[in-house]
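K.L.:
Dropping the structure in here first, questions after.
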Amino acid sequence: MSAANTITYREAMREAIREALRRDDRVFLMGEDVGAYGGCFAVSLGLLEEFGPERVRDTPLSEAAFVGAGIGAALGGMRPIVEIMTVNFSLLALDQILNNAATLLHMSGGQLNVPLVIRMTTGAGRQLAAQHSHSLEGWYAHIPGLRILAPATVEDARGMLWPALEDPDPVLIFEHGSLYGVSGQPGPGQVDITSAALRRSGKDVTLIAYGGTTGKALAAADVLSAEGTEADVVDLRVLRPLDDATIMESVGRTHRAVIVDEGWRSGGLSAEIGIRIAEQAFYQLDAPIQRVCTAEVPIPYARHLEEAALPQVPSIVAAAREAVAS
Amino acid sequence: MRRQDEAEDLVQLLTPEGERVVHPGYDLDLPKSQYRGLYRDMTLVRRLDREAFALQRLGELGMWIPCLGQEAAQIGSGRALEPDDHVFPSYREHGVAWCRGIPPLTLMGMLRGTTNGGWDPRHTGFHLYTIVLGVQTLHAVGYAMGMRRDGDSSAVVAYFGDGAASEGDVSEAFNFAAVYNAPVVFFCQNNQWAISQPVDRQSRAPIHHRARGYGFPGVRVDGNDVLACLAVTRAALEHARRGDGPFLIEAHTYRMGPHTTSDDPGRYRPAEEVEEWQRKDPIARMRAFLLREELADDAFFREVDEEGDRLALELREGVISMPDPPVDAMFDHVYTGRHTLLEEERAWYAAYLDRFEEPRA
Ligand SMILES: Cc1ncc(C[n+]2csc(CCOP(=O)(O)OP(=O)(O)O)c2C)c(N)n1
Ligand SMILES: [Mg+2]
């Protein structure tokens, strides 16, 4: 990787928060250990020192409280960025997110919008066991009223936050824990939060991935390329609303689709994407849709079991081969 | 003996210098051997904790959550329990696990990823560790309500931290326990920190004051004083067993080590604070007391240290020789019995692995 202008995903996220704090004094960050500690994944390192405790707030340990208070602050005209340590702990605030943030606009007849951004870590691969490692973004993508983002690249980590803050409605940003150390170009600093992106072009099969599995899909595409199969890699970027057009355009060209999702298969995001392809591109398909998902188990703690439970490059390659062979 | 001032907000039976003081509300008179036993427990727990930490550094454990500094709070309360009592721990209570007879190797096996849990909570009266903050306080209440329904004369202890005390579940557990008069002792180890957050960022009022608002007693105890922790927990358990309902103990202690093996406390807390607490060390205090009262001699201390060395060696060898579970163990225990979905996944996974085997065979 060339060193010029390269930063990590973590730094990109930090830079995005820094820029937002500078640009708009209604913006503030709150959550557990975000201040003095610099965030449990070191995303907000140095921001307390730079912006002070009014704008970078260490909260008591209460997910329901800081998400709920975030909603209240947003209703009062602020632009809170709330950080939840991991998606598993967001469940303690699920009532606030689903019954409140996502529904207040509707239930107030359009009077009360909630311009709240919630960032959280998602995903496995760090030996943190079954209460820190799940991929529940697919659940959140089920909920009307929310916009769901899954930055997979440094550019998206840098560029998605500001448009999320400008969105008048609640936005959830899922940061896959394995990505923080990944380096890349931050880009111009702002990106769209509406479309999927084609990360690689090929003619034989479409690999559809997002967040933490995008890199694995790209690595699988390299393996496939070496054996003569050229894959399109679609990075969904936005999980709600899904950008059907980009998916269908790709599948229309390759006639084969492999969906990679670190969530569970049953009732998951992969099922949603699969059925959309069946609905919209059925006659373009030359092979059954393949899915590579996490084993339907709580994420194991032991490293080798955890690795086995997750989508990996070899399992993506195997699914793509199957799609291409049929 | 010096008497502690009644108005004082902290129950103490041993000063940091190991001097025995009298408290008007709580007293303790143990056979000599039990005083030595408390010292031995604390020392061995510290030793196993240190060994586990080292094993994590060697890559033999995925992580470790040290209890260094909290031995008195854990041994004092743990030794107050009767065999039929039931404990709902959080994740740092290796000292309580020790008192419940959980082999330390079993604890380490869990953090190595060899087993999930590994001990029988029903048999040991020690529930499995809980990671999501505060949830176990509610489980403890429900369990205690069940005990009362069954006419048991036992009680439940729920451990949680000063940080977890901010979670809604804990407040809801307090209220539920009070309304149902459940025989549960809430044992808060206030170790002054919740990862990087000092306790004054969690709570404006002392945590034990909360109990009164829910209608039950709350007491603050010197959590580095094993005698006080034992005396207060005994009294609290008596209270619960008598049918007088819940009781909150806030043990004032200190997390001497990092939050976990992934943490570096140098990033957020001053070394002077750690040094100050070093002077209140629970084990040094008990040792001073034993010497002062002539309850133990050098030979005893040497024996305990040697026992610690043997334990550490045994643990090291035991951990290193633990087998890794087979990969398909990940499909176990998702449901109680056989389950079609899991069997499909298991079969799919085996077939998937076979594909890799074939070319080699
Ligand atoms: C609901 C929930 N939120 C956040 C966390 C992450 N977390 C793990 S331990 C911890 C600090 C807990 O502090 P405290 O309750 O004082 O216990 P201590 O670690 O000091 O023993 C945090 C924030 C968690 N496990 N569960
Ligand atoms: Mg604490």
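K.L.:
State the extension gain, in nm to one decimal, for the chain segment bounded by B:A347 and B:D297, taking 0.36 nm per residue of separation less the distance between their alpha-carbons.
P.N.:
11.7 nm
K.L.:
Hey, another quick one. Output the antiparallel fraction of DSSP beta bridges having both residues in chain B, as a percent to the nearest 5.
P.N.:
10 percent
K.L.:
For the stretch B:282-361, state the average projected area of the convex hull of the C-alpha atoms over all orientations, rounded to one decimal in nm².
P.N.:
Averaged projected hull area, Cα only: 10.5 nm².
K.L.:
Please list 3J(HN,Hα) in residue order for the stretch B:272-280, calculated via the Karplus relation 6.51 cos²θ - 1.76 cosθ + 1.60 where θ = phi - 60°; whole Hz, with x for glycine and proline.
P.N.:
These are the phi-based 3J(HN,Hα) values: 4, 5, 5, 4, 4, 6, 4, 6, 9 Hz.
K.L.:
What average number of partner chain Cβ atoms lie no more than 10 Å from the Cβ of the residues making up B:109-122?
P.N.:
Per-residue shielding by partner chains comes out at 2.
K.L.:
Let me ask you something else. For B:D244 and B:I131, what does the FRET efficiency come to when R0 = 22 Å and r is the distance between their Cβ atoms, rounded to the nearest 0.05?
P.N.:
Efficiency at R0 = 22 Å is approximately 0.10.
K.L.:
Can you tell me what share of the DSSP beta bridges in the stretch B:149-296 is antiparallel? A percent to the nearest 5 is fine.
P.N.:
Values: 2 of 19 bridges.
If I count the DSSP bridges inside the stretch B:149-296, around 10 percent turn out antiparallel.
K.L.:
Sticking with this one: Please work out the Kirkwood hydrodynamic radius for the protein assembly as shown, using every pair of different C-alpha atoms, and report it in angstroms with one decimal place.
P.N.:
Radius from the Kirkwood sum: 27.3 Å.
K.L.:
Using θ = phi - 60° and the Karplus curve 6.51 cos²θ - 1.76 cosθ + 1.60, what whole-Hz ³J(HN,Hα) does each residue of the stretch B:183-189 get, with Gly and Pro shown as x?
P.N.:
Result, rounded to whole Hz: x, 10, 9, 8, 10, 8, 8.
K.L.:
Ok, one more. Work from the charge dipole of the protein assembly as shown (Cβ charges, +1 for Lys and Arg, -1 for Asp and Glu, about the Cα centre) and give the residue of B:L313, B:T233, A:G211 farthest towards its positive end.
P.N.:
Checked the options; the winner is B:T233.
K.L.:
Kindly put B:R100, B:R355 in sequence by how many other C-beta atoms sit within 10 Å of each C-beta, fewest to most.
P.N.:
Values: B:R100 22, B:R355 11.
Listing B:R100, B:R355 from fewest to most nearby Cβ atoms yields B:R355, B:R100.
K.L.:
Further question on the same structure: Using a Gaussian network for chain B with springs between C-alpha atoms less than 10 Å apart, which of these wobbles most: B:A97, B:A140, B:A165?
P.N.:
Looking only at B:A97, B:A140, B:A165, the biggest GNM fluctuation is shown by B:A165.
K.L.:
I want to verify a result. In a Gaussian network model of chain B, Cα cutoff 10 Å, which of these has the top mean-square fluctuation: B:P323, B:P265, B:P16?
P.N.:
Ranking B:P323, B:P265, B:P16 by mean-square fluctuation puts B:P323 first.
K.L.:
Taking the Cβ of each residue in A:K203, B:K280 as the centre, tally the other Cβ atoms inside 10 Å and list the residues starting with the fewest.
P.N.:
A:K203, B:K280
K.L.:
Right, something else. Give the long-range amide H neighbours of A:L61: residues separated by 5 or more places, or on another chain, with amide H under 5 Å away, using H modelled in the peptide plane at 1.01 Å from N.
P.N.:
Excluding prolines and chain starts, which carry no amide H, the hits are B:S166.
K.L.:
Among the DSSP beta bridges whose two residues both lie in the stretch B:113-222, what percent are antiparallel, rounded to the nearest 5?
P.N.:
Close to 25 percent.
K.L.:
Is the shape of the stretch A:146-240 rounded, prolate or oblate, going by the alpha carbon gyration tensor and its root eigenvalues a ≥ b ≥ c, with a/c under 1.5 for rounded and a/b larger than b/c for prolate?
P.N.:
prolate
K.L.:
Once the cut-off is 29 Å, how many percent of the Cα-Cα pairs in chain A end up in the long-distance tail?
P.N.:
36 percent
K.L.:
Excluding residues fewer than 8 places away in the same chain, name every one of the aspartates and glutamates whose C-alpha is closer than 18 Å to that of B:K32.
P.N.:
Partners within reach: B:E19, B:D41, B:D225, B:E293, B:E294, B:D297, B:D298, B:E303.
K.L.:
Go through A:164-170, B:144-150 and give me the packing order, highest mean Cβ count within 10 Å leading.
P.N.:
The packing order, highest mean first, is A:164-170, B:144-150.
K.L.:
Taking amide H positions as placed in the peptide plane 1.01 Å from N, state which residues far from A:M85 in sequence (5 or more) or on other chains have amide H under 5 Å from it.
P.N.:
Answer set, sorted by chain and number: A:E32.
K.L.:
Can I ask one more? How big is the stretch A:7-184 on each of its three principal axes, counting only the C-alpha atoms and giving the largest first in Å?
P.N.:
44, 35, 30
K.L.:
Another one. When Rg is the radius of gyration of the Cα atoms in the stretch B:21-132 and Rh is its Kirkwood radius, what does Rg/Rh come to?
P.N.:
That ratio is 1.00, to two decimals.
K.L.:
If one computes the Cα centroid of the stretch A:20-69 and of the stretch A:211-281, what distance in Å separates the two points?
P.N.:
The stretch A:20-69 and the stretch A:211-281 have Cα centres spaced 35 Å from each other.
K.L.:
Further, regarding this structure: Does the stretch A:27-93 come out rounded, prolate or oblate, given a ≥ b ≥ c as the square roots of the eigenvalues of its C-alpha gyration tensor, rounded meaning a/c under 1.5 and, failing that, prolate meaning a/b above b/c?
P.N.:
Oblate shape, in that a/c is at least 1.5 and b/c is the bigger or equal ratio.
K.L.:
Just how many % of Cα pairs in the stretch B:102-235 lie over 19 Å apart, if you round to the nearest whole percent?
P.N.:
The share of Cα pairs beyond 19 Å in the stretch B:102-235 comes to 56 percent.
K.L.:
Considering amide H positions built from the backbone, and no H for Pro or chain starts, which residues 5 or more places from B:G218, or on another chain, come under 5 Å of its amide H?
P.N.:
Distant-sequence amide H within range of B:G218: B:R212, B:L248.
K.L.:
How big is the stretch A:110-193 by Rg and Dmax over its Cα atoms, in Å?
P.N.:
Using the Cα atoms of the stretch A:110-193, the pair Rg, Dmax is 13.8, 44 Å.
K.L.:
Please determine, in degrees from 0 to 90 and to the nearest 10, the orientation of helix B:135-149 with respect to the longest principal axis defined by the Cα atoms of chain B, where the helix direction is its Cα long axis.
P.N.:
80 degrees
K.L.:
Rounded if a/c is under 1.5, else prolate if a/b is larger than b/c, else oblate: which is the stretch B:13-85, with a ≥ b ≥ c the root eigenvalues of its Cα gyration tensor?
P.N.:
Prolate, because a/c is 1.5 or more and a/b exceeds b/c.
K.L.:
On a straight-distance basis, which lysines could pair with A:K203 in a cross-link, Cα separation under 25 angstrom, same-chain partners fewer than 8 positions away excluded?
P.N.:
Within reach: A:K216.
K.L.:
So how do B:E51, A:E63, B:E314, B:E82 line up by other beta-carbon neighbours within 10 Å, fewest first?
P.N.:
Arranged by neighbour count, lowest to highest, B:E51, A:E63, B:E314, B:E82 become B:E82, B:E314, B:E51, A:E63.
K.L.:
What's the Kirkwood radius of chain B in Å, using all Cα pairs?
P.N.:
Result for chain B stands at 21.6 Å.
K.L.:
Which Rg and Dmax, in Å, describe the Cα atoms of the stretch A:197-325?
P.N.:
In Å, with Rg to one decimal and Dmax whole: 13.6, 43.
K.L.:
For the Cα atoms of chain A, what angle does the longest principal axis make with the long axis of helix A:244-254, in degrees from 0 to 90, nearest 10?
P.N.:
Tilt relative to chain A: about 20 degrees.
K.L.:
Averaged across the residues of B:190-196, what count of C-beta atoms belonging to other chains lies within 10 Å of each residue's C-beta? Let's see the in-between values first.
P.N.:
Values: counts 0, 0, 0, 0, 5, 8, 10.
Mean number of neighbouring Cβ atoms from other chains: 3.
K.L.:
Still on this structure, please answer the following. In degrees between 0 and 90, to the nearest 10, how far off the longest principal axis of chain B does helix B:226-241 point, with axes built from Cα atoms?
P.N.:
80 degrees
K.L.:
Oh, and also: With springs only between Cα atoms under 10 Å, which of A:N100, A:N113, A:N88 fluctuates most in a Gaussian network model of chain A?
P.N.:
Result for chain A, Cα springs under 10 Å: A:N100 fluctuates most.
Taken together, the values in this text are just the output of simple stated rules run on the coordinates, not laboratory data. No experiment lies behind these values; they were computed from the predicted model shown. Methodologically, a virtual Cβ is constructed for each residue, glycine included, from the backbone with ideal geometry; neighbour enumeration extends over all protein chains shown.
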